[in-house]
1. Between A:ARG48 and the same site in the other copies, what are the distances in nm, shortest first, taking label points 7 Å from Cα along the C-beta direction?
2. Can you tell me the FRET efficiency between B:ALA188 and B:GLU107 if r is taken as the Cβ-Cβ distance and R0 is 22 Å, rounded to the nearest 0.05?
3. For the stretch B:105-180, which trypsin sites (Lys or Arg not before Pro) pass both filters: DSSP loop (anything but H, G, I, E, B) and at most 15 other C-beta atoms within 10 Å?
4. What gaps in nm, shortest first, separate B:PRO119 from its twins in the other copies when you place the label 7 Å past Cα toward the beta carbon?
5. Suppose every Lys and Arg Cβ carries +1 and every Asp and Glu Cβ carries -1, with no other charges. What dipole size does the stretch A:96-178 come out with about its Cα centre, to the nearest 20 debye?
6. Take every Cα pair under 8 Å in the stretch B:1-68 that's 6+ residues apart, average their separations, divide by the length, and report that relative contact order as a whole percent.
7. So, in Å, what gap is there between the alpha-carbon centers of the stretch B:150-164 and the stretch B:21-59?
8. Which of rounded, prolate or oblate describes the protein assembly as shown when judged by the alpha-carbon gyration tensor and an a/c cut-off of 1.5?
Protein chains: 2
Amino acid sequence: MDETPGLRERKKAATRLALHEAALRLAIEQGVDGVTVEAIADTANVSRRTFSNYFSGKEEAIFHGDTMRLRRMLELIREQPTDEQPWTVLTRAALRLTEETYLGNMEWLIRRRQLRGHPSLASHQVAAYTVVERELAAELADRLSGDDVGLRARVLAAVFLTTMRVAVQDSTEHPDRPLLDVVNAALAAAAPA
Amino acid sequence: MDETPGLRERKKAATRLALHEAALRLAIEQGVDGVTVEAIADTANVSRRTFSNYFSGKEEAIFHGDTMRLRRMLELIREQPTDEQPWTVLTRAALRLTEETYLGNMEWLIRRRQLRGHPSLASHQVAAYTVVERELAAELADRLSGDDVGLRARVLAAVFLTTMRVAVQDSTEHPDRPLLDVVNAALAAAAPA
DNA sequence: TACAAACCTTGCCCAACAGGCAAGTTTGCC
DNA sequence: GGCAAACTTGCCTGTTGGGCAAGGTTTGTA
């Protein structure tokens, strides 16, 4: 374990974060279509060309926060014993992640909710969630047995991620209800037999 | 019921279909990135500008086949009695749709499978499936009762559609296995408690 | 049948964008 | 210190989405 992953890596993470935050802020302020990649890059004190080295488009930059959360969730899943019921593992990871979100960078939730009313983003959010689908499926495949392990793992991963996505979406539309509640209810509704 | 929805509508449907087929064929032949919107429009004997009147990008054109299938599935769902278990309704609709796909335009399945190996499309396929999510959720909400009807309907819709998507994806990667098998197995793995 | 309104297609246009390339700069490592 | 790998930047090109307005087509109505 390298405590400090090297200056280069830290700088990259910093620029990526700066770009993400600039994108998110500008998108909230001026609407997604009102923002240009150039404006985002300027705000992050970086050239437009460099933006392209980090993200393939503004939407990807906007959802980098979600991406980081999902990566963290993968960790939480991998940390758990392999002899537990897969859905139990997933549920626990989801709830822990939600707690962390509240304890730590609650910022995320707040700004995330302000994206409400920019519906053109929906498809890109979905895309962000499906990026980790294969990775999660691979992890789950190790925890399954019987027939069709590959397919069942993919289905389980997709079902879980889509449920999390719906929970977050629903939560942005009902900001008064605690996210933890929504996640709980959503997972309960999706729990496989 | 109007048997013939008018000349104008028929022409539009024809153009849309021509664009879709051109997009699909060219994408299979030359790879998704190797095709320009202009080439697609040319092949369909229509101006580049007109393409934009029908689709927002080549990927949307490519997945128009999936979109039509999903619209058909919505019909199959609406046709069913409202006092059945929602998941039963969904399962039945999925199986009927799969049968229809085999009986009628088997073309779809064949060409669809040839898209394997163009992974950049994955996110757009997901997008195509989520377009109908709200519509399906609305339909399901009428068939649910109890608490959290709105959320549960959205979760159910999302879970079902994502399962269908995974089934189709998996089927393109295992072309030897009948699609009906895959759909069955996927739905069984996702069936909620 | 005539005709007006609604609707489609097309060409022209422009700002935005992704990404290849090469020169200059920074970081990692010995 | 010094070299190699990696990163940033500017420049450039082909592609793209979509606004606009001039024509042509379809539809509904009289």
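1. 1.9
2. Working from the Cβ atoms, E equals 0.20.
3. Within the stretch B:105-180, the qualifying trypsin sites (Lys or Arg not before Pro) (loop, at most 15 other Cβ atoms within 10 Å) are B:ARG116.
4. Copy-to-copy label distances for B:PRO119: 3.3 nm.
5. On the way: 11 positive and 12 negative charges, 54 e Å.
Result for the stretch A:96-178 is approximately 260 debye, rounded to the nearest 20.
6. 33 percent
7. One Cα centre to the other: 32 Å.
8. Taking the square roots of the gyration eigenvalues as a ≥ b ≥ c, the protein assembly as shown is oblate.
Coordinate-derived values only; no laboratory data. Since we're looking at a predicted model, the values are computed, not measured. As a convention, Cβ positions derive from the backbone with ideal geometry for all residues, glycine included, and neighbour counts pool all protein chains shown.
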